[in-house]
Amino acid sequence: MRLAGRVVAAPMAGVSDLPFRELAREQGAALVATEMVSAEALVRTPQRGRALMRYEEHERPVAMQLFGGRPEAMAEAARILCDHGVDVIDINMG
């Protein structure tokens, strides 16, 4: 993927909401990320996880970060993110 610049706004729990990402874009971020999403939460309670996955089309490209400890849940959550149309899946390794 080619980015329009070299600045990337990292995913930050409790910070990387839509207004923050829009501000980051206005200030030159070429890629923004939603808040971290728990793979377990996304698989077990999709409604709650989907609230953290919310993004607007004008934010593209957009990244989403997954964290978790169970490979099966991580794989299923990655499939959910792919189906959701995310551009980048960032896996938090600890």
Dimensions in Å of the chain - Rg and Dmax from alpha carbons:
12.7, 38
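With n ≥ 4 as the cut-off for DSSP H runs, can you work out [θ] at 222 nm for the chain, using -39500 (n - 2.57) per run divided by the number of residues, rounded to the nearest 500?
My calculation for the chain gives -11000 deg cm²/dmol from helical runs alone.
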Hey, rough spin-label estimate for Ala4 and Met93, points 7 angstrom out along Cα→Cβ, what's it come to in nanometres?
3.1 nm
Place a +1 charge on the Cβ of each Lys and Arg in the chain and a -1 charge on the Cβ of each Asp and Glu, then give the dipole magnitude about the Cα centre in debye, rounded to the nearest 20.
100 debye
Sequence-distant or interchain residues sharing an amide H contact under 5 Å with Val62, placed H: which?
Asp87, Val88
Computed over the chain: relative contact order in percent, which uses C-alpha pairs under 8 Å that are six or more apart
25 percent
Using amide H atoms built in the peptide plane, which far-off residues or other-chain residues are under 5 Å from Val37 H to H?
Gln65, Leu66, Phe67
To the nearest 10 degrees, how steep is helix 71-84 against the longest Cα principal axis of the chain, on a 0 to 90 scale?
50 degrees
By counting other Cβ atoms within 10 Å of each Cβ, how are Ser16, Ser38 ranked from fewest to most?
Ser38, Ser16
Could you work out how much longer the chain between Ala13 and Ala75 gets when fully extended? Use 0.36 nm per residue separation minus the Cα distance between them, nm to one decimal.
20.2 nm
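Bear in mind these aren't lab numbers, they're just calculated from the coordinates by the rules spelled out. Just so you know, these numbers come straight off a predicted model, no measurement behind them. All Cβ positions, even for glycine, are placed from backbone atoms using ideal geometry, and neighbour counts span all protein chains on display.
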